[in-house]
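Okay, so here's the structure we're looking at.
The values are calculated or read from the model by the stated rules, or taken from the named source; none is laboratory data. Please read all numbers here as calculations on a predicted model, not as lab measurements. Reconstructed Cβ throughout: ideal geometry from the backbone, glycine too, with neighbour counts over all protein chains shown. Protein only, heavy atoms only, side chains kept; ligands, DNA and RNA dropped before computing areas. Shrake-Rupley method; radii C 1.70, N 1.55, O 1.52, S 1.80 Å.
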Amino acid sequence: MIMKLVLLWVLGMWSVSGIDLSRSESFLSYLDEEVTVSPGSTTTLIVPLTLIQGAASKGAVCLDGTLPGYHLHRGFGSGANSWVIHLEGGGWCNTIRSCVFRKTTRRGSSKFMEKSINFTGILSNKAEENPDFYNWNRVRVRYCDGASFAGEGQNEANKLYFRGQRIWLAAMEELMAKGMQNANQALLSGCSAGGLASILHCDEFKNLFPETTKVKCLSDAGLFLDATNVAGGHNLRDMYEGVVTLQGVQKNLPSTCTSQKDPTLCFFPQNLVSNVKTPMFLLNAAYDAWQVDQSLIPSLADPHGLWRACKTNRSHCNSSQIQFFQDFRNQMLNAVKIFSESNQNGLFINSCFAHCQSERQDTWYENDSPRIGNKGIAVSVGDWFFDRTAVKAIDCPYPCDKTCHDVILK
């Protein structure tokens with residue numbers, strides 16, 4: 001049964017480079033629904049925020065200069081020396097204006113971060129919810145820089161600190177000191193902008209450990225494509241150009257890419273994944289809901305509302321509109337073709353209109369969770385990590401998959 005996740009937009013309009021920041025923020029807030037603590041919640045694991053006290057001396061601070069943070073729940077039993085590090089997502093800021101706004105939110109300041117959050121999906125501590133990683137040390141690293149943990153710089157006039165790379169390093173240093181240095185296996189994961197970060201930092205993560213440690217990476221909904229929108233524009237490329245330029249990201253991008261391409265293009269995973277040396281798993285909806293809403297059919301690219309009915313209810317799409325979605329799926333499959341040829345890598349590309357499927361319990365591991373064939377996401381990731389079987393799961397095109405938990409865009 002398809003579980004329809006209805007998304008209501010509640011903030012006013014604010015667009016930059018065709019990306020509607022208010023809609024994006026609402027979208028991301030909705031996806032955080034299971035992460036934030038619900039009043040009266042008694043069954044879900046609640047984990048407190050830890051601020052990295054030594055970070056300020058390293059210049060590793062959020063956009064507003066506050067300390068970065070993370071949530072850690074210790075492993076136990078056979079998982080006591082195993083670690084999952086999950087990098088939080090939450091979009092980007094690409095202009096002074098959008099970054100100034102962002103530092104008034106939890107995605108730019110630890111002053112506004114929840115003091116405790118729910119651990120669900122890949123962070124759950126219950127075997128019946130997270131069969132392979134439930135007893136590992138599980139960490140959610142908070143995202144407060146706006147450049148996928150990759151920026152380096154600052155803007156004195158507006159008191160903005162672009163220190164994503166330093167936050168990444170400070171968080172890893174702290175977690176290594178808290179026992180991760182003794183890990184016998186480790187998985188770096190992330191969702192959305194955090195999924196992009198897990199690609200950018202995958203090999204760095206591997207290099208933290210001795211060769212004897214089993215290290216792999218998972219990118220969930222991080223496969224952002226340099227796609228053409230319905231008006232023929234490239235607004236995600238335009239936004240990324242602002243992020244890379246404003247936040248000084250170029251110096252932290254892989255030289256294997258920047259030596260051949262414009263730095264902005266090297267912020268797109270399609271130009272990165274084939275050169276990642278560490279084993280990686282790409283989990284992505286073929287019709288990623290955030291990209292459909294913000295990159296393919298942003299409001300500014302559809303001023304006359306010709307796509308509005310199709311966007312909110314795909315039964316109202318005409319054949320050319322459906323083909324537009326299929327072309328996007330084909331672009332995604334082409335982007336991972338070389339990546340998928342490596343035996344060490346894994347794939348789960350389902351034909352859903354979803355975003356971030358490892359964090360939410362309903363999509364990660366429940367009786368009606370999304371499947372390709374007869375295998376769900378959690379089992380697929382586990383089979384790949386533990387080398388139980390190769391996982392190169394690519395769904396048939398829309399509308400064949402009846403197990404999706406789609407986000408319905410409003």
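Things to note:
- Sole exception among (1) of a type in the set (D, E, K, R); (2) touching a Phe, Trp or Tyr at 6+ places or on another chain (Cβ under 8 Å); (3) crowded, with 21+ Cβ neighbours inside 10 Å for LYS126, by number: (3)
- Tally, over region 248-264, of residues that are open to solvent by 50 Å² or more (accessible area, probe 1.4 Å) and either farther than 15 Å from ALA147 by Cβ or not in a helix (DSSP H, G or I) (or both): 6
For every residue, the table says whether it meets (1) in contact with a Pro (Cβ under 7 Å, 6 or more places away or on another chain); (2) modelled with pLDDT of 95 or more; (3) under 30 Å from VAL84 (Cα atoms).
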{"position": "LEU265", "(1), (2), (3)": "no, yes, yes"}
{"position": "PRO269", "(1), (2), (3)": "no, yes, yes"}
{"position": "VAL276", "(1), (2), (3)": "no, yes, yes"}
{"position": "VAL292", "(1), (2), (3)": "no, yes, yes"}
{"position": "SER299", "(1), (2), (3)": "no, no, no"}
{"position": "PHE324", "(1), (2), (3)": "no, yes, no"}
{"position": "MET332", "(1), (2), (3)": "no, yes, yes"}
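- Evaluating GLY232 against the criteria (1) more than 21 Å from THR264 (Cα to Cα); (2) surrounded by fewer than 18 Cβ atoms within 10 Å (Cβ to Cβ); (3) out of contact with any helix residue (DSSP H, G or I) (no Cβ under 7 Å at 6 or more places or on another chain) leaves one unmet condition, (1).
- In region 294-308, residue farthest from GLY90 (Cα to Cα) [restricted to those that are over 20 Å from the mean Cα position of the chain (by Cα) and outside any loop (DSSP other than H, G, I, E, B)]: ARG308
- Some residue of region 191-209 being in a loop (DSSP other than H, G, I, E, B), open to solvent by 50 Å² or more (accessible area, probe 1.4 Å) and under 25 Å from GLY346 (Cβ atoms): yes
- Near pairs, Cβ below 8 angstrom, 6+ apart or cross-chain, from region 395-410 (more than 13 Å from ALA289 (Cβ to Cβ)) to any residue that is surrounded by fewer than 13 Cβ atoms within 10 Å (Cβ to Cβ): LYS402/MET1
- Any chance SER219 is small (Gly, Ala, Ser) and under 19 Å from GLU152 (Cβ atoms): no
- Residue among GLN357, GLN344, GLN323 that alone is surrounded by fewer than 19 Cβ atoms within 10 Å (Cβ to Cβ) and either among the β-branched types (Val, Ile, Thr) or assigned to a loop (DSSP other than H, G, I, E, B) (or both): GLN344
- For PRO370: the one exception among (1) free of Cβ contacts under 8 Å to residues at least 40 places away in the same chain; (2) in contact with a strand residue (DSSP E or B) (Cβ under 8 Å, 6 or more places away or on another chain); (3) open to solvent by 60 Å² or more (accessible area, probe 1.4 Å); (4) on the phi < 0 side of the Ramachandran plot: (3)
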